[in-house]
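Asks: The structure follows.
The values are calculated or read from the model by the stated rules, or taken from the named source; none is laboratory data. Just so we're clear, the structure is a prediction, and the values are computed from it rather than from any experiment. Cβ sites come from the backbone with ideal geometry, for glycine too, and all protein chains shown count toward neighbours. Please note that ligands, DNA and RNA were not included when accessible areas were found on the heavy atoms of the full protein model with its side chains. Shrake-Rupley method; radii C 1.70, N 1.55, O 1.52, S 1.80 Å.
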Amino acid sequence: MQRIRLILSYDHELSLGGTESFAYNLFEPTDELLRVAEELDVPVVLFTDVLCADRYRVWDRVGFFDPYCRQLGDALRAGHDVQLHIHPHWVDSVFEAGVYRPSTHFALSDFEHAAPPDDIAGIVARAYDLLTAICRESDPAYRCIAYRAGGHNLSPATDKILSSLFQNGVRIDSSIVKGDRKSVV
């Protein structure tokens, strides 16, 4: 019997608007996913929302950022892959008095006219650089080559977004929505 080769991809992200716990919302389900994938010998690509990690690096390094980095490293060491996922609302979301208040800027295009480094090019470069640094801790040969837009949203500043991704070495876009088709940057 011929074996079918699969690669499954998942968004590795926190739910918008809060969470019962980081473990319950992200780390435990991802650990279980990776366990099952190993059992079935199916590689997984985690499209990780690295801007979330960037914010929690300041807001809660021990409770979120460090376990986040460990989980990505564990996935890479187990033969899975990690690629870029950007939910740009993290750029201007706030965390005050223990309360998370998400921004209303959900599309990368919302930052088209922002001043650097919070413009599209700056956000993409910051996310790319952070993900690369995190992943190279576990795999010095790691390359970020694929992207999935938060909310699968590439418009209306599609050209600027794709150009920024390309300038950073990203060559595959996995932002697929109903009626669209897979694209290569």
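Asks: Restricting to DSSP H runs of at least four residues, report the calculated mean residue ellipticity at 222 nm for the chain, -39500 (n - 2.57) per run over all residues, nearest 500 deg cm²/dmol. Could you put the intermediate results ahead of the total?
Replies: On the way: 5 runs with 62 residues, N = 185.
The helix contribution divided over the chain gives -10500 deg cm²/dmol.
Asks: Let me ask something else. What would the Debye equation give as log₁₀ I(q)/I(0) for segment 84-185 at q = 0.12, 0.15 Å⁻¹, counting only Cα atoms as equal point scatterers?
Replies: The Cα Debye sum returns log10 ratios of -0.41, -0.63.
Asks: Pull up the DSSP beta bridges for the chain and report the antiparallel fraction as a percent, rounded to 5.
Replies: Rounded to the nearest five, the antiparallel share is 25 percent.
Asks: Here is a further query. To the nearest 20 debye, what charge dipole does segment 1-118 have about its Cα centre, counting +1 at the Cβ of each Lys and Arg and -1 at the Cβ of each Asp and Glu?
Replies: 240 debye
Asks: Summing +1 for each Lys or Arg and -1 for each Asp or Glu, what net charge is found among the other residues whose Cβ lies under 11 Å from the Cβ of Lys160?
Replies: -3
Asks: Right, here's the next one. Lys and Arg at +1, Asp and Glu at -1: add these up for the other residues within a Cβ distance under 13 Å of Leu84 and post the number.
Replies: -3
Asks: Going by accessible area, probe 1.4 Å, with all protein chains left in place, what is the ranking of Arg143, Arg5, largest first? Let's see the in-between values first.
Replies: Details: Arg143 155, Arg5 220 Å².
Largest to smallest exposure gives the sequence Arg5, Arg143.
Asks: Then there is this: Could you order Thr158, Thr48 so the one with the most accessible surface comes first? Probe is 1.4 Å. Mind showing how you got there, number by number?
Replies: Details: Thr158 45, Thr48 0 Å².
Ranked from most to least accessible, the order is Thr158, Thr48.
Asks: Further question on the same structure: Order Val44, Val62, most accessible first, counting only protein heavy atoms with a 1.4 angstrom probe. Each step should come with its number before you reach the end.
Replies: Working: Val44 0, Val62 115 Å².
Most to least solvent-accessible, the answer reads Val62, Val44.
Asks: Just subtract the alpha-carbon distance of Asp66 and Ala78 from 0.36 nm times their residue separation and send over the number in nm, one decimal. Can you show the working numbers first?
Replies: Numbers: separation 12, 0.36 × 12 = 4.32 nm, distance 1.84 nm.
Answer, rounded to one decimal: 2.5 nm.
Asks: Related question: Scan [x] 50, 43, 31; [y] 55, 39, 33; [z] 43, 33, 32 for the value of Cα extents along the principal axes in Å calculated from this model and give just the label.
Replies: Of the listed options [x] 50, 43, 31; [y] 55, 39, 33; [z] 43, 33, 32, [y] comes from this structure.
Asks: Between Leu108, Leu14, Leu84, which gets the highest mean-square fluctuation from a Gaussian network model of the chain, Cα cutoff 10 Å?
Replies: Result: Leu14 has the largest fluctuation of those listed.
Asks: Rounded to the nearest whole Å², what accessible area per residue is found for the chain with the 1.4 Å probe?
Replies: Roughly 55 Å² per residue, with all protein chains present.
Asks: Quick one: accessible surface of Glu20, probe radius 1.4 Å, all protein chains present, in square angstrom to the nearest 10.
Replies: Surface accessible to solvent at Glu20 totals approximately 150 Å².
Asks: Next question. Per residue of segment 41-52, what does 6.51 cos²θ - 1.76 cosθ + 1.60 with θ = phi - 60° give for ³J(HN,Hα)? Whole Hz please, x for Gly and Pro, Karplus curve as stated.
Replies: 6, 10, x, 10, 10, 8, 8, 9, 7, 6, 5, 4
Asks: In whole angstrom, how far apart do the alpha carbon centroids of segment 26-74 and segment 117-159 sit?
Replies: Each part reduced to its Cα centre gives a spacing of 16 Å.
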